[in-house]
Amino acid sequence: QSALTQPASVSGSPGQSITISCTGTSSDVGDFDLVSWYQHYPGKAPKLMIYEVTKRPSGVSNRFSGSKSGNTASLTISGLQAEDEADYYCCSYAGRTTLLFGGGTKLTVL
Amino acid sequence: QVQLVESGGGVVQPGRSLRLSCAASRFTFSGYGMHWVRQAPGKGLEWVAVTSNDGSEKYYGDSVKGRFTISRDNSKNTLYLQMNSLRDEDTAVYYCARSGSYSWWYFDLWGRGTLVTVSS
């Protein structure tokens, strides 16, 4: 099984919206509503931002939202803030008790 | 506060073994599935293994199957990863992570990781 495909980097200005894509296959992203997203500042513990495609944990800003269409999941961050600058990873259940991560996307706030 | 703290990382020669620990605090450890996830230098995250809340079920990623063993001691609120036959490509920061309340397949709490370097 290959890793999920994410863009290596995205950027946006404060106040703008950005979307990070996460492309898998019909055996993982396309087959299960079990995609999650994580924010990671280097050297820190990753943080859950979205789970089960669209659900937001308590305490996560409603500026973060998730969606899925076919084999591609997306994380959208609206009203971009400087503190959003971090690495973002998607993750999907891939059947047979296996999880796959994306390669990660570095978000730069200009 | 609710947290996970990994320990046991270090430098080890190829072919040798190492055991990582993850101490959980301020939550009911025995109520959650637990995972190990790793990140090689300059690379993305890679799922390593999961164990059920009582330790009766264990599943592994293909790259570590047969070499690594996940286990837990609920009386000590501690998760373990026994790593045998270590290879250069096992060099990574290893994170322990807690499963969601109703699903194994996402992580709602992470530790800060412990670095394992496999080198001769």
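The values are calculated or read from the model by the stated rules, or taken from the named source; none is laboratory data. The shown structure was predicted, so the numbers you read here are calculated from the model rather than taken from an experiment. As a convention, Cβ positions derive from the backbone with ideal geometry for all residues, glycine included, and neighbour counts pool all protein chains shown.
Selection of the range A:31-57 for residues being assigned to a loop (DSSP other than H, G, I, E, B), within 10 Å of chain B (Cβ to nearest Cβ) and farther than 20 Å from B:E46 by Cα yields only A:P57. When B:G33 is tested against (1) crowded, with 17+ Cβ neighbours inside 10 Å; (2) in contact with a helix residue (DSSP H, G or I) (Cβ under 9 Å, 6 or more places away or on another chain), only condition (2) is not met.
Out of B:E89, B:E6, one residue alone is closer than 23 Å to A:C91 by Cβ, in a strand (DSSP E or B) and of a type outside the set (K, R). It is B:E6.
Remark: pairs (first residue in the range B:53-70, at positive phi; second residue surrounded by fewer than 16 Cβ atoms within 10 Å (Cβ to Cβ); Cβ separation under 7 Å; 6+ apart in sequence or on different chains) = B:G55/B:S71.
Quick one: is B:S75 at pLDDT 95 or above, more than 11 Å from chain A (Cβ to nearest Cβ) and outside any strand (DSSP E or B)? In short, yes. For the structure I just gave you, tell me whether A:A73 is more than 21 Å from A:G15 (Cα to Cα), at the interface with chain B (Cβ under 10 Å from one of its Cβ atoms) and either of a type in the set (A, V, I, L, M) or crowded, with 22+ Cβ neighbours inside 10 Å (or both). Criteria not met by A:A73.
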